[in-house]
Every structure is written in structure tokens, then in C-alpha cells.
1. Check A:R100, A:R107 and return the single one that is in contact (Cβ under 8 Å) with a residue 40 or more places away in the chain and either more than 19 Å from A:G69 (Cα to Cα) or aromatic (F, W, Y) (or both).
2. Having 3 or more residues that are of a type in the set (S, T, Y) is the bar; report the helices (runs of 4 or more DSSP H) wholly within the stretch A:14-80 that clear it.
3. Test B:E8 against the criterion of being part of a helix (DSSP H, G or I) and within 9 Å of chain A (Cβ to nearest Cβ), and give yes or no.
4. Looking only at residues that are more than 14 Å from chain B (Cβ to nearest Cβ) and assigned to a helix (DSSP H, G or I) in the stretch A:94-107, which one is surrounded by the most Cβ atoms within 10 Å (Cβ to Cβ)?
5. Taking the stretch B:13-43 as the search range and keeping residues that are touching a helix residue (DSSP H, G or I) at 6+ places or on another chain (Cβ under 8 Å) and among the charged types (D, E, K, R), which one is farthest from the other protein chains (Cβ to nearest Cβ)?
6. Under 26 Å from A:G248 (Cα atoms), away from chain B (no Cβ under 14 Å) and among the β-branched types (V, I, T): is that true of A:I178 in this structure?
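Just so you know, all these numbers are worked out from the coordinates, no wet-lab data involved. Being a predicted model, the structure only gives us computed values, none of them experimental. Cβ sites come from the backbone with ideal geometry, for glycine too, and all protein chains shown count toward neighbours.
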Amino acid sequence: MNTAAPPITPASAAPNAAALPAEWRDFFTLTKPRVMTLVIFTAICGVLAAPGTIHPVLAFTAILAISMGAGGSAALNHWWEADLDKGMKRTANRPIPAGRMRSEDARDFGVFLAAVSVGLMGLAIGWLAATLLLVAVIYYAVIYTMWLKPRTPQNIVIGGGAGAFPPLIGWVAVTGDITAMPLLLFAIIFFWTPPHFWALALFVQSDYAKVGIPMLPVVAGEKATRRQIMIYTLLLTPIAIAPWAIGGTGWIYGSVAVVLSVLFMALAWPVGARMKAEDDKMLPEKALFKFSIVYLFVLFAALVVDRLAAYQGWLA
Amino acid sequence: MTPEEETEYRRRQKARNLVVAGTLLFFAVLFYAITLVRIGDPG
């Protein structure tokens, strides 16, 4: 379903900005350090799980470049959405809407960080990984942030694609080619994001509606959101098990993926089947959201352990 | 600009300069390490 797009443009300079130079901490804030932890973790898993070897210095460089690309995209997101951020309690204290930084500084910082990340990846690792990194930056900063986020309630699905790039790029940094395995890692995060985020959206009152961003629970309603959580959970299950099913991993990953998938479905089912009651504590939704974080970390950790076990011959 | 604002201006400028200097030093070391690895890599 499409909704009319609100007139979103990059932020005009905050009224009291730039009297003083921004603190370096505010530039760091632009990179969304909390989101970065997931980016770094999944990128490391992609590097460690890939078949082949890479020098530790180059592995570090690849992960650094992925992180810088993500940070640059996040800074561009801050720049573009500063006017929206001003209208939401959660984001009003970000550097630009709070008036601590000029919006052009955030834009320039984002472009510089993204450009350096792609150059670094290309020169040190390879141009396939660098091209994927460039695509990831454009995907998040342009396709998601500027184009589709304000236009479709499926924005979370599209945003999930941006978060799915790090393990793919990490893997390609090691192997130099794109095979089914890194694409499956991409697909796992892509299909994991909607149930993860919409479970949160069901119990957290968001200001998005106020600023015209068409989030699914607001636009399509609670029932449709719960149905979509179930659909994406059902799609996620075979994809999570697929790396083992196609022979890309051993039984360690396979058994962990099966157990986690059963638990995920068991927690998603009550969320999909019920409706919010009066004075509802939203316990099933909170449980699903918390478990979804554990799910992703354990699944990717299992991938690395499985690879290490095979490499070290522990299972032989 | 009041004297307090000027002091704050200088403090922020100095802090930013230190971060930039540290970042440049870090990248100089990183590029040196990458070069050594790349030169030593026959592939």
C-alpha cells in the first residue's frame, strides 16, 4: 500500500547552529554507534565464516571499511531527516535538530566517510567488496532514507536490506566472489528485520505518524502488522536453515538454526494470533522482540563456531 | 563572541584537532601495515 509522501527535504540549518564548532562526539553520534554494533558483529561473522583465509590486518581493514560505510550512511540519514527528527521526542536531541551542528557539516561528513570507506575497501581488499559497499551506502542513504521510507509502510522491509549487507560484504572480502552462502546470510537479516522491528512497534508508541512516516502499525493497523510478523517469520525459517540444508555449514549451525527457528515461531505465533486488550502489558510482543535479538546473535555466532570447528577439525 | 564563548570555541577546536590528528596517525599506521601485507602476498 502506498501513501502520499510528505514533503521531506534535507534539513534547513538549525536556527542556533554553528555559533560554535560541533563537538567531535556529535560527529561520532552521527554514525549511530548502537546500530553499528550489529553491523560490526555481522561483518565479523561474515569474514570468519567465509571459506578461505585472510590476513588479520586485511580482515580488520575490511570490517573497518564496512563500519565506516555504515557510519557515513547513518550521517547522511541524520542530515536528510533532521527536520523529521526535530518533531520526534526520541530523536529531537540529535546533533542537527538540537542545534549543535550545521546540517551541511553532517552531509559532508557522511559523504567523506562513505567515500573513504569505499576507497579503502577497493584499494586494500578488492573492488567487488568495494562495489557492494557502495551499493549498500546508496541503498540506505538514497533508496531507503530519501525515497522509500516516507512513501511505503513496507519501509522496514526495505530498511532491513541495508542492515543485511555487512555479512555479505565481509564474506566477499575473503572469497572475492558472490555465492549462495553470503546471499543466504543477506536473506536471513532481510527477513529477520520485519518481525523484529514490528514486534517493537506494537508495544512502543512511536512519533513517526506525527511526522508523516507511514509505519505499518499506524497505516495498516494492528491486525495487518501481526499477520505480517507471522508471514515474515514463516519465510525466515527455511532461509535460516538453508545454509545447512545446501551443505554450506555443518550440524552445529544446522541444529542451532532448527532450535532457534522453532523458538522464534513459538514466540511469533501468539503475537500473530492475538489482538491487544485493554491494559495489555504486551508480554508476547516484548518476548518476541527480546528473543529476536538473541536469535540473530546466536545464529551468526553458531555460523562462526561451525566454521571454526570444521577448520580446526574438531568434528573429525 | 563573549570571552566564555571564545574559550569554549578554542576548547572544541582543540578537541577536534586532537581527534583528527589521532585519526590521521591511525590511518598512516594502517596503510603502512596494509602495504607490508600486500607486498608480502604473492597472490
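1. Working: A:R107 fails: either more than 19 Å from A:G69 (Cα to Cα) or aromatic (F, W, Y) (or both).
Matching residue, one of A:R100, A:R107: A:R100.
2. In the stretch A:14-80, the matching helices (runs of 4 or more DSSP H) lie at A:56-80.
3. Working: part of a helix (DSSP H, G or I): yes; within 9 Å of chain A (Cβ to nearest Cβ): yes.
So B:E8 fits the description; yes.
4. Start the filter on the stretch A:94-107 by keeping residues that are more than 14 Å from chain B (Cβ to nearest Cβ), which leaves A:94, A:96-99, A:103-104, A:106-107.
Then keep just the ones that are assigned to a helix (DSSP H, G or I); that gives A:103-104, A:106-107.
Details: A:S103: 22, A:E104: 15, A:A106: 28, A:R107: 19.
In this case the residue turns out to be A:A106.
5. B:R38
6. Values: under 26 Å from A:G248 (Cα atoms): yes; away from chain B (no Cβ under 14 Å): yes; among the β-branched types (V, I, T): yes.
Criteria met by A:I178.
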